[in-house]
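To keep things clear, I will list the structure first and then write my remarks on it.
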Amino acid sequence: MDTPGTGFRRRTLLKSSALAVLLALGTGVTTAQETTAAATYVPTVLITGANRGIGLEVARQYAARGWHVIGTARKPAEATELNALAAASDGKVLVEALDVMDLAAIDALATKYQGKPVDILFNNAGVTGGGENQQFAKNMKWDLFDVVFRTNVVGPLKMAEAFLPNVQASELKKISNVSSSQGSIGSTRTGTLYIYRSSKASLNMVMVNLANQLKSKGIAVALIDPGPVDTDMMKSLPKKMLRPVTTAGSDLIRITDQLTLQNTGTYWTFDGTVLPW
């Protein structure tokens, strides 16, 4: 994979060549060199929280497609499986240290990759805070609001801001966010998970705002609920209730593939059904 910042000129040339192909098709004249250049464009995906669970699976599946993958982790030295994926990728998978609560670190990472197109920004990193810590009038850890909201809401929005030039410079121009059905106000029937639920509802709102603002720039934004997935985050639930992580990863990627400017800002669940706000 190109080192950060390098390869941008080459990608720009490829994009220019791809445009030349489209123009030539209109006149019936296409050179073999232009066709090859257009066909060799390799997209890049940037995934937060790629060290385990859904993020790791999404990284694996994009890597299997032959994409360039930038996977972030709070503690890269402990990201054994992500590091192994990178080691076997012939340079197409890179591992970067990032805590999405650290806004300065997000800016620093964006500076490192300045000039590098990012086709899909995949905001996956998130926390629940633990159900036992958000029980109203019983055990409400009020300080937890800050941690969960900075991770689940502020972090993804800051990632979108910091990497906006990268996404805009790409071919696909997509921002995909791992939301949750727990953020659906219209579907809420019980009183639980006050902090986590409100954080996902807030994520939905800021990303719908973003979808509206970025549509004119050709950037599409998705909110996707992966369902209850067999990861560490859901380990307190019965196994029979959980979806395989490989299936969840495929669902997230499939819906991201279907994301366009026509359906930007949509709140989907894993099977493609649109969820109520």
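Figures for the structure shown
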item: Given (1) in a helix (DSSP H, G or I); (2) in contact with a strand residue (DSSP E or B) (Cβ under 9 Å, 6 or more places away or on another chain); (3) among the hydroxyl-bearing types (Ser, Thr, Tyr), number of the condition SER89 does not satisfy; result: (1)
item: Flag if LYS217 is among the charged types (D, E, K, R) and either buried (at least 17 other Cβ atoms within 10 Å of the Cβ) or at pLDDT below 95 (or both); result: no
item: Verdict on LEU82 being modelled with pLDDT of 95 or more, assigned to a helix (DSSP H, G or I) and touching a strand residue (DSSP E or B) at 6+ places or on another chain (Cβ under 8 Å); result: yes
item: Flag for ILE185 being within 29 Å of LEU94 (Cβ to Cβ), in the same structural domain as THR260 (by TED's automatic domain parsing) and of a type in the set (A, V, I, L, M, F, W, C); result: no
item: Evaluation of ILE70 against (1) more than 30 Å from THR260 (Cβ to Cβ); (2) of a type in the set (Val, Ile, Thr); (3) not in a loop (DSSP other than H, G, I, E, B) (one fails), failing number; result: (1)
item: Hey, VAL208 within 18 Å of PRO276 (Cα to Cα), at pLDDT 95 or above and in a helix (DSSP H, G or I) or not; result: yes
item: Count of residues meeting criterion [assigned to a loop (DSSP other than H, G, I, E, B), at pLDDT below 90 and surrounded by 21 or more Cβ atoms within 10 Å (Cβ to Cβ)] in segment 224-248; result: 0
item: Residues of segment 136-169 that turn out to be under 30 Å from LYS116 (Cβ atoms) and touching a strand residue (DSSP E or B) at 6+ places or on another chain (Cβ under 7 Å), as a count; result: 5
item: Flag for VAL221 being in a strand (DSSP E or B) and out of contact with any His (no Cβ under 7 Å at 6 or more places or on another chain); result: yes
item: Which listed residue, of VAL58, VAL95, is over 22 Å from ILE255 (Cβ atoms) and either outside any loop (DSSP other than H, G, I, E, B) or assigned by TED's automatic domain parsing to the domain that holds ILE253 (or both); result: VAL95
item: Some residue of segment 103-112 being assigned to a loop (DSSP other than H, G, I, E, B) and surrounded by 15 or more Cβ atoms within 10 Å (Cβ to Cβ); result: no
item: LYS174 being of a type in the set (Lys, Arg) and surrounded by 21 or more Cβ atoms within 10 Å (Cβ to Cβ); result: yes
item: Complete set of residues in segment 149-181 that are out of contact with any Leu (no Cβ under 8 Å at 6 or more places or on another chain) and outside any helix (DSSP H, G or I); result: ALA169, SER170, GLU171, LEU172, LYS173, SER180
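The values are calculated or read from the model by the stated rules, or taken from the named source; none is laboratory data. What you see is a predicted model; the values in this text were computed from it and never measured. Cβ sites come from the backbone with ideal geometry, for glycine too, and all protein chains shown count toward neighbours.
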